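K.L.:
For reference, the structure I am asking about is given below.
Every number in this text was worked out from the coordinates using simple rules, so none of it is lab data. Keep in mind the model is a prediction, meaning the values are calculated, not measured. For neighbour counting, all protein chains shown are included, and Cβ atoms are generated from backbone atoms with ideal geometry for every residue, glycine included.
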């Protein structure tokens with residue numbers, strides 16, 4: 001019973017990492033995988049990203065590795 005309880009508590013931590021959003025960006029044009037907010041977007045951030053983990057929001061996304069916040073200019077869901 002204790003093992004089942006531990007699995008139920010720990011499982012969500014692993015599951016949320018598996019379905020995290022990834023971004024691939026080039027010259028301000030970004031494509032997102034597993035994002036509930038948008039599939040493609042235009043941003044002022046000019047970094048080149050290749051399947052970088054990001055945290056998305058309705059108006060921006062944050063690059064997890066650097067903590068940089070990128071505002072979304074235009075997006076498509």
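K.L.:
Could you work out how much longer the chain between residue 34 and residue 69 gets when fully extended? Use 0.36 nm per residue separation minus the Cα distance between them, nm to one decimal. Intermediate results must be reported in sequence, preceding the final value.
P.N.:
On the way: separation 35, 0.36 × 35 = 12.60 nm, distance 1.85 nm.
Computed gain between residue 34 and residue 69 is 10.8 nm.
K.L.:
With 10 angstrom as the radius, rank 32, 51 by how many other C-beta atoms surround their C-beta, starting from the fewest.
P.N.:
On the way: 32 21, 51 10.
Lowest to highest Cβ neighbour count: 51, 32.
K.L.:
Right, here's the next one. Starting from the Cα coordinates of segment 21-76, work out the convex hull volume and express it per residue in Å³.
P.N.:
On the way: hull volume 3.3 nm³, N = 56.
Dividing the Cα hull volume of segment 21-76 by its residue count gives 60 Å³.
K.L.:
Restricting to Cα pairs below 8 Å that are 6+ residues apart, what does the relative contact order work out to for segment 34-77? Please round to a whole percent. Show your work: numbers first, answer last.
P.N.:
Details: 64 pairs, mean separation 20.8, N = 44.
Relative contact order here is 47 percent.
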